[in-house]
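J.: Got a structure for you, written out below as structure tokens; questions coming shortly.
Any read-out appearing in this document is the output of simple, stated calculations on the displayed coordinates, not a laboratory observation. Fair warning: this is a prediction, and the values are worked out from it, not measured in the lab. Here Cβ is always computed from backbone atoms with ideal geometry, including for glycine, and neighbour counts include all displayed protein chains.
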Amino acid sequence: MPVYPSPERLARDLDWNLLRTFLVLAESNSVTDAAERLSLKQPTVSNALKRLEDRIGKKLIERSPGRFELTEAGRLLQREVIDIHGMILRLGTVMRDVTDQVRGHVRIAMASHVISPLFNDALTSFHTHHPLATLQIDVSASREATAAVLARRASMAVCLVKDPNPKLEYRRLYREYFGLFCGPTHPLFGRLNLTKQDLVGHSSVSFVTDQMGDALRPVTLMRAAAQLDERVVGTSAHLEEVRRMIVAGLGVGPLPIHVVRRDIEDGLLWRIPPYEDPPAIDVHVLWNPKAKMNRAESALLESLLEQINITPIEQRTYL
């Protein structure tokens, strides 16, 4: 029977550098790959893995020719180390706030092209009350934004949500509606009295999350009902790039109606069927309740949640 260390002994003897090395190994394709990322020699990384497995008393990575994958114990340890790593990364910010709280930094992971007057008002209020605080907004796919908050690399996220993670808190920021559009060179552009039958067989472009099992499922159903060609000729996680492909004439594509209203007025986009009952998509604010927030992060989140609480959903619905 294997003998496992007691929790107290493990906490006393475990070296954080071993965990950091393991985290890089877990995200790599081989020991060689991890060694390059860590700027270490391969034997050093291999020895670190062996020492960690000896400390834990479990095999963490299965290694053989053509195989390099985490064991069940390795996957469990990876999830825990991500949390630990996030806490350590935030220590500098937390300690800085002890002497200079108003200079806190806020990092927001955001889905592309979030258009919300309420969110803008929250930023205005935040800067007015904390002018020395700094703000960073990173645009990414919603899945990556959620992962950044979970790993505590971001203070909060504003994005679409497919399956809520029980480790995170969520609040709906606003609701938007999607329509189908085409660009100036498309044969349907400028045509009136179109029906769904006119769309049959036309090529399409869309978001990477436009799939039956993902956050834009209602949009997927709308495209399916339009009987467009099943082949999607272009995809992107960024709204601006989907818009670019539609304007360039690659195909019909979905976009939030309120976001592209100016493009419609400028003649860059033309809305096509269906016109009735467009699919609704909710955009959420999400944060990690276990993350230790600095004063600036807490202030922005509190301001944003207050704006949500006092604003009826009807006023946070854009069509």
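J.: Sequence neighbours fewer than 8 away in the same chain don't count; with that in mind, list the lysines whose C-alpha is under 30 Å from K162.
T.: Within the straight-line limit of under 30 Å, K162 reaches these lysines: K196, K290, K292.
J.: On to the next question. Among S46, L18, L76, which residue has its Cα furthest toward the positive end of the charge dipole of segment 7-89, with +1 on Lys/Arg Cβ and -1 on Asp/Glu Cβ?
T.: S46
J.: If I fit a long axis through the Cα atoms of helix 117-129 and take the longest principal axis of the Cα atoms of the chain, what angle between them do I get, 0 to 90°, rounded to 10?
T.: The helix 117-129 is inclined about 50 degrees to the chain.
J.: Gap in Å between the Cα centre of segment 42-80 and the Cα centre of segment 282-304?
T.: Using only Cα atoms, the two centres lie 35 Å from each other.
J.: Grab the beta carbon distance between R55 and S30, set R0 = 25 Å, and tell me the FRET efficiency rounded to 0.05.
T.: In this case the efficiency is close to 0.65.
J.: Same structure, new question: Would you mind ranking F207, F22, F126, F68 by Cβ crowding within 10 Å, fewest neighbours first?
T.: Details: F207 28, F22 24, F126 20, F68 17.
In increasing order of surrounding Cβ atoms, one gets F68, F126, F22, F207.
J.: If you line up the Cα atoms of segment 100-187 on their principal axes, what length do they span on each, largest first, in Å?
T.: For segment 100-187, the Cα extents along the three principal axes come out at 60, 32, 20 Å.
J.: Listing S298, S140 from the residue with the fewest other Cβ atoms within 10 Å to the one with the most, what is the order? Please report the intermediate quantities before stating the final value.
T.: Working: S298 15, S140 19.
Listing S298, S140 from fewest to most nearby Cβ atoms yields S298, S140.
J.: Kirkwood Rh over alpha-carbon pairs of the chain, then Stokes-Einstein at 20 °C and 1.002 mPa s: what D in µm² s⁻¹, rounded to an integer? Spell out each step's value before the answer.
T.: On the way: Rh = 22.7 Å.
Answer from the Stokes-Einstein relation: 94 µm²/s.
J.: Next question, about the same structure. Per residue, what volume in Å³ does the convex hull of the Cα atoms of segment 176-280 enclose? Before the final figure, lay out each step's value.
T.: Numbers: hull volume 9.3 nm³, N = 105.
Taking the convex hull of the Cα positions in segment 176-280, it is 88 Å³ per residue.
J.: Fewest first, what order do I310, I61 take by the number of other Cβ atoms within 10 Å? Please list the in-between numbers first.
T.: On the way: I310 9, I61 20.
Result, fewest neighbours first: I310, I61.
J.: With unit charges on the beta carbon (Lys/Arg positive, Asp/Glu negative), name the residue among Q307, M156, L228 whose Cα is farthest towards the positive pole of the charge dipole of the chain.
T.: The residue sitting farthest along the positive end of the dipole is M156.
J.: Would you kindly derive the ³J(HN,Hα) couplings of segment 42-52 from the backbone phi angles with the Karplus curve 6.51 cos²θ - 1.76 cosθ + 1.60 (θ = phi - 60°), listing them in order in whole Hz, with x for Gly and Pro?
T.: 4, x, 5, 5, 4, 5, 5, 5, 5, 4, 5
J.: What's the longest piece of the chain with no exposed GluC sites (Glu not before Pro), counting a site as exposed if DSSP puts it in a loop and it has at most 10 other beta carbons within 10 Å? Please list the in-between numbers first.
T.: Working: sites that count: E230, E276.
The reported range is 1-229.
J.: Working from Cα positions, state the angle (0 to 90°, nearest 10) between the long axis of helix 16-26 and the longest principal axis of the chain.
T.: Relative to the chain, helix 16-26 is tipped by roughly 40 degrees.
J.: Okay, next question. Could you compute how fast segment 7-89 diffuses translationally, taking Rh as the Kirkwood radius over C-alpha pairs and applying Stokes-Einstein at 25 °C with viscosity 0.890 mPa s? Give it in µm² per second. Mind showing how you got there, number by number?
T.: On the way: Rh = 12.9 Å.
Result for D is 190 µm²/s.
J.: With +1 assigned to the C-beta of every Lys and Arg and -1 to the C-beta of every Asp and Glu, and no other charges, what is the dipole magnitude of segment 176-280 about the Cα centre in debye, to the nearest 20? Before the final figure, lay out each step's value.
T.: Working: 10 positive and 13 negative charges, 28 e Å.
Here segment 176-280 has a charge dipole of around 140 debye.
J.: Need one number: nm distance between label points at I137 and R172, each 7 Å from Cα along Cα→Cβ, rounded to one decimal.
T.: 2.3
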